[in-house]
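Presented below is the structure to which this report refers.
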Amino acid sequence: MTTLTNFINGKFVASASNETMSFENPAIGQVYGTAPLSRGADVDAAFKAASDAFTGWKRTAPADRSLALFRIAESMEARADEIIAAEIQNTGKPLWWMRDAEFPQCVDHTRFHATLARNLPGWSTGEYLTGYDSSVRREPVGVCAQVAPWNYPLLMAVWKFAPALAMGNTIVLKPSDTTPHTASIMAEIFAEHLPAGVANIIYGDRDTGRAMVAHKRPDLVSITGSVRAGMEIAASAAPDLKRVHLELGGKAPVIVYDDCDFEKTVQGVAEANLYNAGQDCAAGTRVIVQEGIAKEFTAALAAKVAEFKFGAPENDDHFYGALNSQNQLDRVQGFIDRLPSHAEILTGGKAQRLNGGYYFEPTLIAGLKQDDEMIQTEVFASVQTIQTFKDEAQAIEMANDVDFGLAASIWSENHGRVIRTSQDLDFGQVWVNCHLVQAAEMPNGGFKHSGHGNDLSTEAIEGYTRVKHIMSLTGR
């Protein structure tokens, strides 16, 4: 049995609550570890450590903060097998995916933010008003409360701690209660390379997260989670006017025009919603295909989706693995059970308890109307819908007609059409003839109920800094 311990002020310490919670391997549906169920005293201790450490860390030279992050990345790489095994055990992700894609991104994105520590954007010092000299300082925001999600436990933790630490902030990070394992390894790495109190990790449930947000000390709250959680956090942070960074849900449209590269589009659109078992806020959940090719494309997509294999993480033939938990599996099944009579399941549609794990078949559903639940609400699973449209105007109208605004994709060989459509889509990220491709140098963020603020790119460090204008009378 794996036993995790809070990491506060550079040390692994017992929780003051003496309460614990269990976590499991969703690929087999078995509990294999426990973590503290942190309460108010633990939250207080973590924020005190972060607050005490902030004065020294914010004055650390950018070169030193950069070096610390580079060393963290090196230690992650050195412990790659251990970290990958822990992430797989706690999430059910395929080994090939963690090894070849997700873990390399974790290391690369840590290194990317290490470079940003020494490359701050800013203004030129100068006499913008005669007789007065102006300069602008970019400073860390302060102490940051960060809550990471369960769909990408390590990668999303990197997206939070790396820019915050690079800019001179200190952090209290809480991983999801269902996927805390790799955070414990990161705590060991932080202990090697960071001063005590700069990075603190506590474990807990939703109430722990609420206590972090409501706490007086944090200057910024960052969460990746559900819309409901985001709204609660925004309301809780409002009395203290804390800065809030929210990366919430999505319902990404996939617009397929009749001039697309048919075969490549079928393959790409199928994959767009099956990475990570569809547990991705930017997953291509809503296929909207032009009427002229709708019948042929729908048949081809259904056949393609049915080809994808899922199951045990160690099998490289499996494209995706388990859902997060029995609760998530039940939630997905609920969407299927509530489908209206006019909906048609073209393939899949069933839960599979393979070897005790929580799996859902690759699923494609047709016949849904724009106001149906599955069109409007995030399912977060290997479930994709398909609708039809007549022209560009209708495609854009249907795509935008949801509360979310995180991501979208356009599939077309017509450059002008692509440009027009991308300009009119109300989403923070638009892919063209691809989906779910990410570069550290480019921002990741959404509009509307998908939240506000950006991960990655120089936009991330904008969120973790504040600017101060200093104007001096020169006497001229």
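The values are calculated or read from the model by the stated rules, or taken from the named source; none is laboratory data. Predicted model only: the values in this text are computed from it and were never measured. Using ideal geometry, Cβ is built from the backbone for each residue, glycine included, and neighbour counts are taken over all protein chains shown.
Here are the numbers for the structure shown:
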| item | result |
| --- | --- |
| All positions within the stretch 226-255 that are under 10 Å from Ala214 (Cα atoms) and either touching an Asp or Glu at 6+ places or on another chain (Cβ under 7 Å) or charged (D, E, K, R) (or both) | Asp240, Lys242 |
| Qualifying residue in the stretch 304-317 (condition: surrounded by 15 or more Cβ atoms within 10 Å (Cβ to Cβ), assigned by TED's automatic domain parsing to the domain that holds Tyr358 and either at positive phi or modelled with pLDDT under 95 (or both)) | yes |
| Candidate set: the stretch 328-343, residues that are polar (S, T, N, Q) and surrounded by 11 or more Cβ atoms within 10 Å (Cβ to Cβ); chosen: the one nearest to Gln89 (Cα to Cα) | Gln328 |
| Residue in the stretch 72-79 that is part of a helix (DSSP H, G or I), of a type outside the set (Phe, Trp, Tyr) and in contact with a Cys (Cβ under 8 Å, 6 or more places away or on another chain) present | yes |
| Checklist (1) modelled with pLDDT of 95 or more; (2) charged (D, E, K, R); (3) buried (at least 18 other Cβ atoms within 10 Å of the Cβ); (4) in contact with a strand residue (DSSP E or B) (Cβ under 8 Å, 6 or more places away or on another chain) applied to Glu291, failing item | (3) |
| Conditions (1) under 26 Å from the mean Cα position of the chain (by Cα); (2) surrounded by 17 or more Cβ atoms within 10 Å (Cβ to Cβ): number failed by Ser15 | (1) |
| So Gly311, is it free of Cβ contacts under 8 Å to residues at least 12 places away in the same chain and farther than 27 Å from Ile410 by Cα | no |
| Qualifying residue in the stretch 140-155 (condition: surrounded by fewer than 24 Cβ atoms within 10 Å (Cβ to Cβ), of a type in the set (A, V, I, L, M), modelled with pLDDT under 95 and not in a helix (DSSP H, G or I)) | no |
| Residue in the stretch 226-270 that is surrounded by the most Cβ atoms within 10 Å (Cβ to Cβ), counting only those that are among the polar types (S, T, N, Q) and part of a helix (DSSP H, G or I) | Thr265 |
| Matching residues, the stretch 188-210, being part of a helix (DSSP H, G or I) and either of a type in the set (Val, Ile, Thr) or surrounded by fewer than 21 Cβ atoms within 10 Å (Cβ to Cβ) (or both) | Glu188, Ile189, Ala191, Glu192, His193, Arg206, Asp207, Thr208, Arg210 |
| Filter result for the condition that a residue is β-branched (Val, Ile, Thr) and in contact with a helix residue (DSSP H, G or I) (Cβ under 9 Å, 6 or more places away or on another chain), over Val31, Val43 | Val43 |
| Breaking point among (1) exposed (fewer than 15 other Cβ atoms within 10 Å of the Cβ); (2) more than 26 Å from Met1 (Cβ to Cβ), for Gln30 | (2) |
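Here is a yes/no grid of residues against (1) in a helix (DSSP H, G or I); (2) touching a residue at least 60 places away in the same chain (Cβ under 8 Å); (3) in contact with a Phe, Trp or Tyr (Cβ under 6 Å, 6 or more places away or on another chain); (4) buried (at least 18 other Cβ atoms within 10 Å of the Cβ):
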residue: Glu82; (1), (2), (3), (4): yes, yes, no, no
residue: Ala86; (1), (2), (3), (4): yes, yes, no, yes
residue: Pro104; (1), (2), (3), (4): yes, no, no, no
residue: Trp159; (1), (2), (3), (4): yes, yes, no, yes
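Quick grid of which residues meet (1) within 29 Å of Ala145 (Cα to Cα); (2) among the hydrophobic types (A, V, I, L, M, F, W, C); (3) within 17 Å of the chain's Cα centre (by Cα); (4) surrounded by fewer than 18 Cβ atoms within 10 Å (Cβ to Cβ):
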site: Asp403; (1), (2), (3), (4): yes, no, no, yes
site: Arg417; (1), (2), (3), (4): no, no, no, yes
site: Val437; (1), (2), (3), (4): yes, yes, yes, yes
site: Ser457; (1), (2), (3), (4): yes, no, yes, no
site: Lys468; (1), (2), (3), (4): yes, no, no, yes
site: Met471; (1), (2), (3), (4): no, yes, no, yes
